[in-house]
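The values are calculated or read from the model by the stated rules, or taken from the named source; none is laboratory data. Everything quoted here is computed from the prediction, not taken from an experiment. A quick note on method: Cβ atoms are made from the backbone with ideal geometry, for glycine too, and the neighbour counts reach across all protein chains shown.
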Amino acid sequence: MPRPKKPRFVSGYPVIAAFVPQGIPVTGELFLSLEELEAIRLSDFEGLDQEAAANMMEVSRQTYGRILAGARNIVAGALVTGKALRVEGGNYEFRGMHRRHRRRGGRGRGGRGRGA
C-alpha cells in the first residue's frame, strides 16, 4: 500500500479557473491541479528558485521539481493542441490556515492532466 501524499501548501484559490482558446474549436480539456498552478506561479511568475519555492510549499526540492515539470507539460500541451485548460482539484492546503482547510479530490488527477 503506498504512503499517503502530504498536502502541498498554496497561497490561495485562483481568481480564474479556466483558459479557453479563442478563434478555434476546442478539442478537449486538460486539468491543472492547484499545487501545479502554485509551482508555476512561484517559479515562473514570482521568479523563485526551486529550493525557496519548495520550502514555501513545504515539500522537498525533488518533489517540487516533479510538480513543476508536470505542470509545465500540461500547460504546453494545452497551448500546442488548442485544448482548454482548467485549474481544479489536487491535494493541497492554504498557507497560513493552520492546516484547517484541507482540500482534496476534484478532476485532473487521473492521467496526469490529460483530458478528452
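Worth a mention:
- Top-ranked residue in the range 58-70 [being polar (S, T, N, Q) and in a helix (DSSP H, G or I); ranked as farthest from Gly90 (Cα to Cα)]: Gln62
- Of the residues making up the range 7-26, at least one is more than 27 Å from Thr81 (Cβ to Cβ), of a type outside the set (Val, Ile, Thr), touching a Lys or Arg at 6+ places or on another chain (Cβ under 9 Å) and surrounded by fewer than 15 Cβ atoms within 10 Å (Cβ to Cβ).
- Evaluated against (1) in contact (Cβ under 8 Å) with a residue 60 or more places away in the chain; (2) crowded, with 19+ Cβ neighbours inside 10 Å, Ala84 falls short on exactly one condition, (2).
- Pairing each residue of the range 67-81 that is surrounded by fewer than 22 Cβ atoms within 10 Å (Cβ to Cβ) with any residue that is aromatic (Phe, Trp, Tyr), provided the two are 6+ apart or on different chains, yields no C-beta distance under 9 Å.
- Of the residues making up the range 59-93, those that are closer than 21 Å to Asp49 by Cα and at pLDDT below 90 number 1.
- Every residue from the range 94-116 that is farther than 14 Å from Leu34 by Cβ and either at pLDDT below 55 or assigned to a strand (DSSP E or B) (or both): His98, Arg99, Arg100, Gly110, Gly111, Arg112, Arg114, Gly115, Ala116
- Selected residue (criterion: modelled with the lowest pLDDT) from residues of the range 6-57 that are of a type in the set (D, E, K, R) and assigned to a loop (DSSP other than H, G, I, E, B): Lys6
- Where a residue in the range 9-35 is at positive phi and its partner, wherever it lies, is of a type in the set (Ser, Thr, Tyr), with Cβ under 9 Å and at least six apart: Gly28/Thr81
- Qualifying residue in the range 28-36 (condition: of a type outside the set (Asp, Glu) and either loosely packed, with under 15 Cβ neighbours inside 10 Å or over 19 Å from Glu93 (Cα atoms) (or both)): yes
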